[in-house]
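S.K.: Submitted below is the structure of interest, expressed as structure tokens.
The values are calculated or read from the model by the stated rules, or taken from the named source; none is laboratory data. Note that the structure is a prediction, hence the values are computed from the model and not measured. Here the Cβ positions follow ideal geometry from the backbone for every residue, glycine too, while neighbour counts run over all protein chains shown.
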């Protein structure tokens, strides 16, 4: 099933805006969340086709939110791609262990992101 609706989770308004603008230009419907808690709620209510998840956020971090989303019955079918500045190999391994389908390090190259989205669709 092709990816149409994407949930962008990031506590930075600048990051949310930049990703939203770029993806909307390519025809994706964008929903945003500012926190891990909001990401879980919106993943249930909106049922996006893909979640782009930041890691470093106040409150519940992206690892915790990803673990919850990928283990709950209503949302475990939704692929999660971590999009974060945490670029150590251990960070990537931990992200994948939480259930992420892929892991991208910021700054994210638009062409790389679009290719990842297409490969998940």
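S.K.: Check whether at least one residue in segment 49-67 is under 15 Å from residue 100 (Cβ atoms), part of a helix (DSSP H, G or I), modelled with pLDDT of 95 or more and more than 11 Å from the chain's Cα centre (by Cα), and report yes or no.
M.R.: Looking for residues that are under 15 Å from residue 100 (Cβ atoms), part of a helix (DSSP H, G or I), modelled with pLDDT of 95 or more and more than 11 Å from the chain's Cα centre (by Cα), one finds at least one in segment 49-67, hence yes.
S.K.: Turning to a different aspect of this structure: Take the conditions in contact with a helix residue (DSSP H, G or I) (Cβ under 6 Å, 6 or more places away or on another chain), at pLDDT 95 or above, outside any loop (DSSP other than H, G, I, E, B) and closer than 20 Å to residue 13 by Cα and apply them to residue 41. Does it pass?
M.R.: On the way: in contact with a helix residue (DSSP H, G or I) (Cβ under 6 Å, 6 or more places away or on another chain): no; at pLDDT 95 or above: yes; outside any loop (DSSP other than H, G, I, E, B): yes; closer than 20 Å to residue 13 by Cα: yes.
No.
S.K.: If residue 110 passes every condition in (1) without any contact (Cβ under 8 Å) to a residue 60 or more places away in the chain; (2) out of contact with any strand residue (DSSP E or B) (no Cβ under 8 Å at 6 or more places or on another chain); (3) under 16 Å from residue 10 (Cβ atoms) but one, which one does it miss?
M.R.: Answer for residue 110: the failing condition is (1).
S.K.: Condition first: assigned to a loop (DSSP other than H, G, I, E, B), in contact with a strand residue (DSSP E or B) (Cβ under 9 Å, 6 or more places away or on another chain) and at pLDDT 95 or above. Can you find one or more residues in segment 11-21 that meet it? Break it down stepwise before answering.
M.R.: Going residue by residue through segment 11-21, those that are assigned to a loop (DSSP other than H, G, I, E, B) are 11-12.
Now drop any that are not in contact with a strand residue (DSSP E or B) (Cβ under 9 Å, 6 or more places away or on another chain), which leaves none.
No: zero hits.
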